[in-house]
């Protein structure tokens, strides 16, 4: 996804109401002459000269000992010269932005239209952008003479974390993204427990080994900082072992395929014993209404 965060400038057409009524001129149009100082070759050469001047001046002041004062003078002289050449920020081109707002990103960039582009602190801006809630990684480039290009990779929301009554949206690394506007993420798996975010990546990888069971898992509770209990659709609770939970989950998948156990009035399936499945029935089974012959329901 590519968007342009740009400072818009009103465009006006030359001529009045009768501009369209002018007689058509048969004289061939002359090619527009670009001033020498605006040509790309000139701008590039000027930038190289500025860099060379800064480097040469830096070596000189290092030898003379007047490092700090002289470098500052050279720096601001070069910045002023670049501004005179038109090397100022006019546009910001952004790729990868989905959840991050335009205002948040512009504030994090911390630059105004017309600022010298060669004086822009890329590393500081990168840190500010990566501090935004949704941003995982950022990269900024100069597109001379007047454009900044910002590439961002946003975090992927993977689970809702419940801890001490509060909910947070987290990614697959357990990083909290936001606590606002969570309603649209209600279908994500819920994880419960103080250390659940630290292990959510392993949980998602574990569930991915059984694609038939994964959509049925609605919540996972971290027990004792050692293992997971799963809550499945229909109210069935599955207790996974601390050691080799993937093997236990494979046993459950095979058990479901053979017997359809998840569709019965079962409350708990305990898989913590390696060679068996302990089943606890629902003490209050749901009674399905009987249908008489010929009766419509």
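Every number here is computed from the coordinates shown, using simple stated rules; none is lab data. Predicted, not measured: the structure shown is a model, and the values here were computed from it. Here the Cβ is made from the backbone with ideal geometry for all residues, glycine too, and neighbour counts use every protein chain on show.
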Taking the Cβ of each residue in 226, 97 as the centre, tally the other Cβ atoms inside 10 Å and list the residues starting with the fewest. 226, 97
Protection proxy (average C-beta count within 10 Å per residue), highest first, orders 274-283, 215-224 as 215-224, 274-283
So for 126, 214, fewest C-beta neighbours within 10 Å to most, what's the order? 214, 126
Compute the separation of the alpha-carbon centres of the range 101-127 and the range 230-280 and state it in Å as a whole number. 53 Å
Answer check: the range 91-154, Cα atoms, Kirkwood Rh, Rg/Rh ratio of 0.93
Given an 8 Å cut-off on Cα distances and at least 6 residues of separation, report the relative contact order of the range 91-154 as a percent. 46 percent
What order, most packed first, do the peptides 167-175, 180-188, 202-210, 256-264 have when packing is the mean number of other Cβ atoms within 10 Å of each residue? 167-175, 202-210, 256-264, 180-188
Relative contact order (%) - the range 171-224, alpha-carbon pairs under 8 angstrom, separation at least six: 46 percent
What are the extents of the Cα atoms of the range 157-281 along their three principal axes, in Å, largest first? 42, 27, 24
Measure off 7 Å from each Cα along the Cα-to-Cβ vector at residue 218 and residue 255, then give the distance between these two points in nanometres to one decimal. 2.0 nm
Given an 8 Å cut-off on Cα distances and at least 6 residues of separation, report the relative contact order of the range 157-281 as a percent. 16 percent
